[in-house]
Structure formats: structure tokens, C-alpha cells
Amino acid sequence: MTVALRMSGFEIRDVIEWLYTSGFPKSMDVSKAFDKRAGVERHIIGEREVPDKRNGHGRAYGSSLFAGEQTGKIFHYITEPATDLAKKWDGWGTSIKPAHEPVIMARKPMEGNTCGNVEQYGTGAINIRDCRVPSDQTEEGRFPANCVTTDDDEWYSPFFNITPKEISKKSSKKDRNSDWQGNVIDLEERRTYPGTGRGVINSKYTMDGRERKPVKSRNHHPTVKPVDLIAWLIKLMTPPGGIVLDPFGGSGSTAVAARKNGFDFILIEREEDYAEVARARAC
């Protein structure tokens, strides 16, 4: 994307790193893959408990995978490699856990200097004042940084302008299924499989063959961005009276954020299924 923007004539000004701790690792277990290819069953040597998940009432839910009954906890088998190749590559995978997404800041080359460009076209600057980070140390807030994260207690907190958790959180179920006024969108719920990307939308199985648990959602897009994050970016970039353009509209988070903050918008989305969700959320 960055190279394409540069090749089309834009200047790369910065990259904002959206950091989060809730990314799901999509790595394939190479050792298990070798055993599966060989058609060999691995021996079970124990089990491990998966951290509890919670339902809407705050109670743990799940099932024991080895006892076949509801226990309130979820367990996974621990197995040992069977074939020589599986033993050699035990502990190896194909990817690491995702914990960031880059937001590229690009600008069309200016005509003349900054002041002249801003005066003539109303573009070329960013809204620092309204995007400052609230702080107890200064009334006007801290200068916005190119790092958006929830980790406000980490060692780097004194050195970075950490943004509020409302901005950096991942999209919640309420965010996904609500319109710009906060109402539940009028679309039928579908069974989807979370944790997938555009290339493997609604895949029932993970890369290493494990079956996913389906969930019901009116918004079945796999990578819904949080509205608060998009709203902060819109506020940073868009001048008063400006129009927000999103060429990859998805399920309409940009439109929701723009409308909630009083901006007009244009969304472009190739997939009709997602365009239907975007219309329901933004109109």
C-alpha cells in the first residue's frame, strides 16, 4: 500500500501504529502438520485450561473437550510428536501473534509552501488541537503521537502520548451491530466464524485444522474497525466542511464515525454483502 501511494505521487508523511493486545495468533503448528500428513495420531499426555470466556451475565461458559460435559471451563489436549519430522520441528509455527496495524499518513504534494496551500485549498495540515490526549499534567492535553495503544502502564508510557482506551480498543459486538445512532441494525443474524481475514472469510477451520466456534452477528465482516479509532483519525485529517472518502468501505465504520461527528462521506465497497451492512449502519 505504501509503495502504491508513493508510485501514484503521494508523499508519505508518517505511519500511525495502532497497537492492541487482543490479537489472535493464526500460526500453523508445523509439528502437528507433519503428523497429520503422515496420517499418524499423536499421543495425549495431558491437558491445559484455556482462559475462561464470559457470557453476557458474567458467568464462564464452555465445555471440557475430554469429558464431553459442560464444566464452565475449556480444556485443550497436550500431545506429543509421533513422527521423526514432527519431533524435529516441535514448537515451530508459521507466524507470530498480530498486535499492531499501521495507518499510513500520505499527502498530495503541495503547491508552494504550507501556508499558501492551506489558504487556497484548506488542506495540507492536521488538527493537532482537537486531537490532543487528555492529561492531568496539562490542561490542553498532550501532543498526539503516532502510537495508538491501550498499554498505559507499560515502561514507555512516560515517553509516548498514550491515547485513551476508547480509541485503541478493538471493535466490540455492540460497535459491529449498531448504526451511527447506537441502534441495533435491522439485518438478519448470520452464523460466522471470527478470527479470519479477507482472504479466508468465514472459514470453519483454522490453518492447523482446528474447528472454529461459530457466532451470530448482523455484521459479518471479519475485520471491523472500532468507530472511536476511525473518528479520531477523521478528526485529525479532515478540515471543517471536508468530505471523508473511504475507497475500502467494508461494513461502514468510517461512515458511522463521520456521521457521528458531522462530516459528509463517500464510501466505496466492492462486495454487496458488506455494502448492505454499511448502508444499514450509516443511513
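Here are the numbers:
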{"read-out": "Trypsin sites (Lys or Arg not before Pro) restricted to DSSP loop in region 68-129 with at most 10 other C-beta within 10 Å", "value": "none"}
{"read-out": "Residues with amide H under 5 Å from that of GLY141, placed H, sequence gap 5 or more", "value": "SER135"}
{"read-out": "Entries of LYS108/LYS260; LYS108/LYS225; LYS32/LYS88 with Cα pairs more than 20 Å apart", "value": "LYS108/LYS260; LYS108/LYS225"}
{"read-out": "Segments 272-282, 246-256 sorted - mean Cβ within 10 Å per residue, highest first", "value": "246-256, 272-282"}
{"read-out": "Amide hydrogen neighbours beyond the local backbone of LEU245, cut-off 5 Å, H modeled", "value": "ILE266"}
{"read-out": "Counted charge near VAL103, where neighbours are those whose Cβ lies closer than 11 Å (Asp, Glu -1; Lys, Arg +1)", "value": "-2"}
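Readers should treat all values here as calculations from the given coordinates under stated rules, not as data from a laboratory. Bear in mind that the values here come from a model prediction, so they are computed numbers and not experimental data. Here Cβ is always computed from backbone atoms with ideal geometry, including for glycine, and neighbour counts include all displayed protein chains.
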